[in-house]
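Take a look at the structure set out below.
The values are calculated or read from the model by the stated rules, or taken from the named source; none is laboratory data. If you're wondering where the values come from, they're calculated on a predicted model, not measured in any experiment. Cβ coordinates were reconstructed from backbone atoms using ideal geometry, including for glycine residues, and neighbour counts include every protein chain displayed.
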Amino acid sequence: MLSIRPATTQDARLILDFVRDLAEYERAPEAAVATESDLLRDGFGPNPKFQCVIAEWDNAPAGFAFYFYNYSTWQGRPGLYLEDLFVRPQYREKGIGKALLIHLAQVAVRENCGRFQWQVLDWNTPAIQFYESLGARKLTEWLTMRQVAVRENCGRFQWQVLDWNTPAIQFYESLGARKLTEWLTMRVEGEDIEKLAQQSPVAGRQPPVEKP
């Protein structure tokens with residue numbers, strides 16, 4: 001049977017294995033350069049930068065969800081951002097992916113989050129349709145901009161801009177940022193988070209959430 005639990009320091013290697021499995025699935029194994037030490041430092045120290053939950057099927061590790069919080073200045077409320085979600089192939093079609101998303105929606109409700117969002121490659125139609133069936137919507141009008149960060153031990157510095165704001169896009173590009181045009185932002189917001197949190201997991205294939 002399925003159980004979902006918070007990750008502990010003893011799961012650092014397991015989390016790293018899931019991250020690498022996801023990178024392999026996305027045909028970008030060379031991009032997963034994180035180490036166990038990185039995860040221990042940033043997730044389990046005095047000021048954790050991320051949270052993680054592990055899904056187990058009959059006590060065997062089956063998948064994970066890796067997330068952190070951001071903040072909406074418009075809503076005046078925190079948001080939950082899902083960085084990675086992965087279910088091992090042998091455990092798919094058991095509702096584990098959906099169960100992890102429902103679990104995070106419950107976390108978002110408990111933490112008074114106004115938004116729950118993640119990103120997906122624009123060609124991944126099955127994943128997009130699955131997410132939309134859960135109440136998520138595509139933010140097609142928003143582009144993600146990214147620049148490499150070199151201080152404060154951050155690997156990325158990114159933000160979003162409306163796709164019609166050409167002067168802003170050109171300005172950001174002049175500073176070295178690039179558009180992540182292949183990535184769509186998916187969002188569940190407001191009452192739809194509560195609706196998702198109240199759903200019951202059912203069997204069905206859930207594609208992994210890709211890492212932008």
When restricted to PHE86, PHE66, the only residue touching a residue at least 60 places away in the same chain (Cβ under 8 Å), out of contact with any Lys or Arg (no Cβ under 8 Å at 6 or more places or on another chain) and among the aromatic types (Phe, Trp, Tyr) is PHE86
Going through the stretch 61-113 one residue at a time, which ones are in a strand (DSSP E or B), charged (D, E, K, R) and either within 16 Å of LEU134 (Cα to Cα) or out of contact with any Cys (no Cβ under 8 Å at 6 or more places or on another chain) (or both)?
-> GLU83, ASP84
Write out, first by first residue and then by second, each pair whose Cβ atoms fall under 6 Å of each other, whose residues are 6+ apart or on separate chains, and whose first residue, in the stretch 32-48, is in a loop (DSSP other than H, G, I, E, B) while the second is at pLDDT 95 or above and charged (D, E, K, R).
-> ALA32/ARG20
For the stretch 1-27, pairs from a residue that is closer than 18 Å to ARG92 by Cβ and part of a loop (DSSP other than H, G, I, E, B) to a residue that is of a type in the set (Asp, Glu) and at pLDDT 95 or above, with Cβ under 7 Å and 6 or more apart or across chains, are MET1/ASP58
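Matching residues to (1) in contact with a helix residue (DSSP H, G or I) (Cβ under 6 Å, 6 or more places away or on another chain); (2) within 18 Å of LEU80 (Cα to Cα):
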site	(1), (2)
LEU134	yes, yes
PHE157	no, yes
PRO167	no, no
THR181	no, no
VAL188	yes, yes
Where residues in the stretch 1-28 are within 24 Å of ASN124 (Cα to Cα) and among the basic types (Lys, Arg), which of them is surrounded by the most Cβ atoms within 10 Å (Cβ to Cβ)?
-> ARG20
TYR172 passes all but one of the listed conditions (1) assigned to a helix (DSSP H, G or I); (2) under 21 Å from the mean Cα position of the chain (by Cα); the exception is number (2)
